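Report on the structure given below.
Every number in this text was worked out from the coordinates using simple rules, so none of it is lab data. Computed from a predicted model, the values in this text were never measured in an experiment. Using ideal geometry, Cβ is built from the backbone for each residue, glycine included, and neighbour counts are taken over all protein chains shown.
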Amino acid sequence: MAKRDTPMLDELLKGPYPSFVKELYKVQERKPMVQDLLGQLEDSYEERIGHWKHGGIVGVMGYGGGVIGRYSDLQEKYPAVAHFHTMRINQPAAWFYTSDALRTLADIWEKHGSGLTNMHGSTGDIVLLGCKTDDLEPCFADLTAAGFDLGGSGSCMRTPSCCLGKARCEWACYDTMKLCYEFTQEFQDELHRPAFPYKFKFKFSGCPNDCVASIARADMSLIGTWKDEIQVDQAAVADYAKGGMDIVSDVVMNCPSKCIKYNGNGIEIDDHECVHCMHCINAMPKALAPGKERGATILLGSKAPIMEGALLSSVLVPFIDLNDEDEIEDLKELIGNIWDFWDEHGRNRERVGELIQRVGMATFLDGIGLDPEPEMVSAPRDNPYIFFQDEEEEEDDE
Amino acid sequence: MSEAPAKRITDIGPPHYEKFLPPMVKENYGKWKFHEIVKPGVMFHQGETGDKLFTVRAASPRLIAVDTFRLFADLADKYCDGYLRFTSRNNVEFLLTEEANIDPLIADLDKEGFPVGSIGAPVSNIVHTQGWVHCHSAATDASGIVKAVMDDLMPYFQGKELPAKTRVALACCLNMCGAVHCSDIAILGIHTKPPATNHDNLAKQCEIPTTVSSCPTGAIRTADVDGKKSVEIQDDLCMYCANCYTVCPALPLNNPETDGVSIWVGGKVSNARSEPKFSKLAIPFLPNNPPRWPEVVEAVRNIIDVYAAGARKYERIGEWIERIGWPKFFKLTGIEFTRYHIDDFKHAGWTYKRSTHLKF
């Protein structure tokens, strides 16, 4: 097959940033699929329109997700991309690899697919781009033999992801990688066999800097925090001042709760006023650190716009000690209650955050058996339309 | 149907991460003391024992070939005993214990076209989606715009200063697979017309009740068209989400003349200083102009230049705009404020200004 002429895409070989077109070029000599992909993409650039069709049911045996069907709408012109399915592979926690693991994945994908990948997809998976239907099952067999498994797609628990936490960060307030791995293993059935109203994502962030965007992108956001005093090394504070840092303007004035004082000799933090935002710690990583009584805040409900508009997660459990096995078990029970209530009351393609909006947080809390707490709201209601419950009915329920 | 092999392996989950952690990480797990940025793209973490782990971060276009897996693997073997990782913004990181290996590694990465940066620099990689490379509902390409914008922002990726971190993200339609809605600058592909309706094929290709119920705004009704079962769309209720097209291929939404790109600003994910916030609309529509989308590149650069000139140290774009006020943002950037900037979807009134706290 002749190499495709791609004058528009070739413009994207120029410039200092790594070029995805160069990546396509690396494999096109040996992959007709990628030659046709280049041809179809060049057409898209000329015509300013995409040429993919959404898939029907396609996957591997016994799994309801992990493969996204994709077909070209220019199959006669580009037969090699008539099927061009995506396989999502569950990434190792925090995307650590060895060179051997990367080579193993490369060998498998060279053998069964286009040789193109995303490292990684938005949810966190290793994304293998471009597989024919007949190659899915053999590819899956080689992947599982090498210790890898599919990730999620459709109305299931999606592949959980986490920041690197204790592996390389002094701010990790709990073991994000361990918890992410354990949850992924515990909920394998929920991951591979879609049975929910819609998708459900977990993201594990070790501190309020939230490097995996948990509060914006996870139905359940587990964000590390601490309860006691910020740890202060006054000698290191003095070193920052000596090094030219203007501690008043850089740190004190940027504190959202105005709880830091600096008098030239050292800083003083009123920890009862601290909202645990991380700014002072970010600014002086050698001098300040999160406290020692560490855990996490659990928030619920964030999502991108489809269908009712984007949401950020909101507080569900103000503080939980995720370093304590009993509290983790309690959390799993709470997750079970959330999934049960959502299964029963959620509409098709309704995320849990949208369900809460529709039925009201109070009803949702009743449904999952959690008491209301003031930390869950930014303010109490400001309208007088309170739906009072019948006391007797309430007692009957109990 | 073919029979399952006897020893079919399933439900094993991902490999355990401990297999992939460098020995120094295992020894210092949970015992890191602090980190320091050495230079753009390079930092070290120091453990309680005094161990130092150096990280070198390089740009990646996210869409990479297996050849690049092998290249990264070879570099990891050469310089850091085979240990590497990827970041949540799709960069690649090499984890070194030998400080002397940093500069040779950087030289090799540069030679191969993967420039080092992002650490200690305001701009990291652009989180993005599939676009025309792989998506059915894309209103624009993803990788092409990212390449063009990042070529322009490379100085900021490699250490040129801005007041604070500036996180840029791209999604190729408003499904926002990349969840770009909390980014300092979000580039969002946007459809502007309701889907066409292919009445001849609709009943054959689509389940009509599913199609009707797929619409978040209830804009789709069943209809008989020339004796054929089909649907009709109330155009004034459609907000072009492509939800119906996802379940029904006879409702194509993609349109080369009316699809384009919108720009959103001021979102953030981190809790540092101010609370996390959504990005807000800056520019409702820019044309799709491949291969290098000059209007989009120029619009992003303009916002960054005005921000760089006006923001205080540590102020993210959203924090800067909240201080100066949105009217001033539009005045300083020269971006026109239009009727499209005023929310008219659900809960729209939350964004109306209900005080006289105005700056003149």
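Angle between the Cα long axis of helix A:99-112 and the longest principal axis of chain A, 0 to 90 degrees, nearest 10?
Tilt relative to chain A: about 40 degrees.
With a 10 Å cut-off between alpha carbons and a GNM built on chain A, which of A:Glu350, A:Glu47, A:Glu23 moves the most?
Highest fluctuation of the listed residues: A:Glu47.
Please work out the Cα center distance from segment B:106-127 to segment A:363-389, rounded to the nearest Å.
48 Å
Apply the Kirkwood formula to chain A: the hydrodynamic radius equals the inverse of the mean of 1/r over all pairs of different alpha-carbon atoms; give it in Å with one decimal.
Evaluated over chain A, this radius sits at 24.2 Å.
Just to be sure I understand: if I project the alpha-carbon convex hull of segment A:21-174 onto a plane and average over all orientations, what area do I get in nm²?
Mean orientational projected area (segment A:21-174, Cα hull): 11.0 nm².
In segment A:218-320, which trypsin sites (Lys or Arg not before Pro) fall in coil by DSSP and have 13 or fewer other Cβ atoms within 10 Å?
Here the sparse-neighbourhood loop sites are A:Lys258, A:Lys292.
In whole Å, how far is the Cα centre of segment A:143-172 from that of segment B:158-211?
25 Å
For chain B, report the % of Cα-Cα distances exceeding 29 Å.
Cα-Cα pairs of chain B separated by over 29 Å account for 53 percent.
Taking loop as defined by DSSP and a crowding limit of 14 other beta carbons within 10 Å, which trypsin sites (Lys or Arg not before Pro) in segment A:1-86 fit?
Answer in residue order: A:Lys3, A:Lys14, A:Arg30, A:Lys77.
Averaging the inverse of every distinct alpha carbon separation and then flipping it gives the Kirkwood radius. What is it for segment B:147-238, in angstrom units?
So the Kirkwood estimate lands at 16.7 Å.
If you build the Cα gyration tensor of segment B:77-209 and take the root of 5 times each eigenvalue, what three semi-axes come out, in whole angstrom, biggest first?
For segment B:77-209, the semi-axes come out at 39, 18, 12 Å.
Evaluate 2.2 N^0.38 Å with N set to the residue count of segment A:101-237, then give the Cα radius of gyration divided by it.
1.27
Give, to the nearest whole percent, the P(r) tail of segment A:231-289 beyond 20 angstrom, counting all Cα pairs.
Within segment A:231-289, distances greater than 20 Å cover 11 percent of Cα pairs.
Residue by residue, what Karplus-based ³J(HN,Hα) values in Hz, rounded to whole numbers, does segment B:75-83 have, using 6.51, -1.76 and 1.60 with θ = phi - 60° and x for Gly and Pro?
5, 5, 5, 5, 10, 8, 6, x, 10
Based on the alpha carbons, how large is the Rg to Rh ratio for segment B:247-360 when Rh follows Kirkwood?
Reported Rg/Rh, Kirkwood definition of Rh: 1.01.
Could you compute the FRET efficiency for B:Asn101 and B:Lys160, with r as their C-beta to C-beta distance and R0 at 30 Å, rounded to 0.05?
That gives a FRET efficiency of 0.70.
Determine, from the Cβ-Cβ distance of A:Phe388 and B:Lys31 and an R0 of 60 Å, the FRET efficiency 1/(1 + (r/R0)^6), rounded to the nearest 0.05.
Working from the Cβ atoms, E equals 0.65.
Using Cα pairs closer than 8 Å and at least 6 residues apart in sequence, work out the relative contact order for chain A, in percent.
That works out to 11 percent.
Mind listing the phi-derived Karplus ³J(HN,Hα) values for segment A:216-221, rounded to whole Hz, using 6.51, -1.76 and 1.60 with θ = phi - 60°, and x for any glycine or proline?
Using θ = phi - 60°, the values come out as 9, 10, 10, 5, 10, 9 Hz.
For chain B, give me every cysteine whose Cβ has no other Cys Cβ within less than 4.7 Å, ordered by residue number.
Lacking a cysteine Cβ partner under 4.7 Å: B:Cys80, B:Cys135, B:Cys172, B:Cys173, B:Cys177, B:Cys182, B:Cys215, B:Cys238, B:Cys241, B:Cys244.
Output the direction-averaged projected area (hull surface divided by four) of the convex hull of the alpha-carbon atoms of the protein assembly as shown, in nm².
Computed as one quarter of the Cα hull surface, the answer is 35.0 nm².
Using Cα springs under 10 Å in a Gaussian network model of chain B, which residue among B:Val231, B:Val180, B:Val127 shows the largest mean-square fluctuation?
B:Val231
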